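S.K.: Below are the structure tokens for one structure; questions will follow.
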Amino acid sequence: MPVRLRKLIGTILLVALVVLYAFVASAVAVARLGDAGGLAHFLFFLLSGLLWVLPGMAIVSWMQKPGRSES
């Protein structure tokens, strides 16, 4: 697969990941943290704000692989 195509697909996947993850994290927060204190909110959003990086790193790593002609 050409590098430019891989980067285009990866960029679209990253944007979709962030949008979907934000909706899911917000829905979980509304459903589970309604009566929780401020510290619970802070810890949840800190953890969920950092957790999306793991699949994001996998997508970026895949995007950076050299193409067939470059290997």
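S.K.: Out of the residues in segment 20-60 meeting the condition of being over 30 Å from residue 3 (Cβ atoms) and among the β-branched types (Val, Ile, Thr), tell me which one is nearest to the chain's Cα centre (by Cα).
M.R.: So, considering only residues that are over 30 Å from residue 3 (Cβ atoms) and among the β-branched types (Val, Ile, Thr), the one nearest to the chain's Cα centre (by Cα) is 24.
S.K.: If we scan segment 5-13, do we find a residue that is β-branched (Val, Ile, Thr), exposed (fewer than 12 other Cβ atoms within 10 Å of the Cβ) and within 14 Å of the chain's Cα centre (by Cα)?
M.R.: yes
S.K.: Which ones in segment 14-47 are outside any helix (DSSP H, G or I) and surrounded by fewer than 12 Cβ atoms within 10 Å (Cβ to Cβ)?
M.R.: 34, 35, 37, listed by residue number.
S.K.: Is it the case, given these coordinates, that residue 50 is assigned to a helix (DSSP H, G or I) and either surrounded by 13 or more Cβ atoms within 10 Å (Cβ to Cβ) or among the hydroxyl-bearing types (Ser, Thr, Tyr) (or both)?
M.R.: no
S.K.: Mind checking which pairs have a first residue in segment 16-45 that is closer than 27 Å to residue 60 by Cα and free of Cβ contacts under 8 Å to residues at least 60 places away in the same chain and a second that is hydroxyl-bearing (Ser, Thr, Tyr) and loosely packed, with under 10 Cβ neighbours inside 10 Å, Cβ under 8 Å, 6 or more apart or different chains?
M.R.: Here the result reads none, with nothing in segment 16-45 linked to a residue that is hydroxyl-bearing (Ser, Thr, Tyr) and loosely packed, with under 10 Cβ neighbours inside 10 Å.
We did not get these values from a lab; they are worked out from the coordinates using the rules stated. Please read all numbers here as calculations on a predicted model, not as lab measurements. In this analysis, Cβ positions are derived from the backbone assuming ideal geometry, glycine residues included, and neighbour counts consider all displayed protein chains.
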